[in-house]
Amino acid sequence: MRERIPVVVQRNSRGRRVAARGLWTAAELVVTLGVVLLLLVVHQLWWTNRQARAGAEHQVRALQREWGEEPGNGTGGGDPRGGGGGGGGSGKTGKSNDFGASGGRSGGGEGGAAARSAPRWDQAYAVIRIPRLGLVAPVAQGIGKSGVLDKGYVGHYPRTAQPGRPGNFALAGHRNTHGEPFRYINRLRRGDRIDVETREAVYTYTVDRTLARTSPRDGGVIAAVPRSNVKPYTGYTESGSYVTLTTCTPEFTSRYRLVVWGRLVDVRSR
């Protein structure tokens, strides 16, 4: 009687190898995608802030040197106390300019020759300081993303008043990424100081009112006499010299706008 030799048959070994290779490839793709997403997050939350803040600090120093070396010389931007906004079309602006595009009661009422003396579009011409927040940032004409806001600058809404002038000196700034100068304006309280320095003077405003949330199309908040169109009981009814700070809310979204208002209380010549 012959001895039988057991034979082990391995079935589907090729299929198993293909499946294992597919799983490995899928795992590599998931890891690669995760690394790419992580790099994008790092770029947005860290690198853009680092880059924008460095550029903004450099611009502040440049303005201070210019004012110190050439007192009273109005080259480049004219008298920044003049009214009105510079040129530029809507194509140069980003989401934060919705108030200006809303057709609301915007404008500083300066017009005419004052408008012609406004700073050039995207030109940094002032410095804003908010002691409570430790904020020091340049203010530039216009609210375009690439030319102003993404540089870490604070942007001045066209057709609103200039610093210290009657009307509403309305400003926009990023709350997240790209320097995020207005990230913590929700922490401002009534009586907090806001200083705006130009070549000619330092204008001091104090925080007076806050609108925690409104529509991006609520143009009334940057009107000469600021008053919400969405919440008409919020704002002012009398003329004056105001400052308005606007940014997106909630954080990391652009669904609504947060608004802080202040009144002019002091002017100190340089």
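The values are calculated or read from the model by the stated rules, or taken from the named source; none is laboratory data. Remember, predicted model here, so these are calculated numbers, not experimental data. In this analysis, Cβ positions are derived from the backbone assuming ideal geometry, glycine residues included, and neighbour counts consider all displayed protein chains.
Okay, here's what the table says:
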| read-out | value |
| --- | --- |
| Only one of Pro71, Pro80, Pro138 that is at pLDDT 95 or above and touching a Lys or Arg at 6+ places or on another chain (Cβ under 9 Å) | Pro138 |
| Boolean, Gly219 is small (Gly, Ala, Ser) and closer than 17 Å to Ala118 by Cα | no |
| Any hit, the range 233-241, residues being modelled with pLDDT of 95 or more, buried (at least 20 other Cβ atoms within 10 Å of the Cβ) and touching a Cys at 6+ places or on another chain (Cβ under 9 Å) | no |
| Criterion: in a strand (DSSP E or B) and either small (Gly, Ala, Ser) or out of contact with any strand residue (DSSP E or B) (no Cβ under 8 Å at 6 or more places or on another chain) (or both) - qualifying residue of Gly191, Gly262 | Gly262 |
| Selection within the range 198-218 - in a strand (DSSP E or B) and touching a Phe, Trp or Tyr at 6+ places or on another chain (Cβ under 6 Å) | Asp208, Arg209, Arg213 |
| Among residues of the range 219-237, those that are part of a loop (DSSP other than H, G, I, E, B) and touching a residue at least 40 places away in the same chain (Cβ under 8 Å), counted | 4 |
| Scan of the range 201-218 for residues that are among the polar types (S, T, N, Q) and touching a strand residue (DSSP E or B) at 6+ places or on another chain (Cβ under 6 Å), ordered by number | Thr204, Thr206, Thr210, Thr214 |
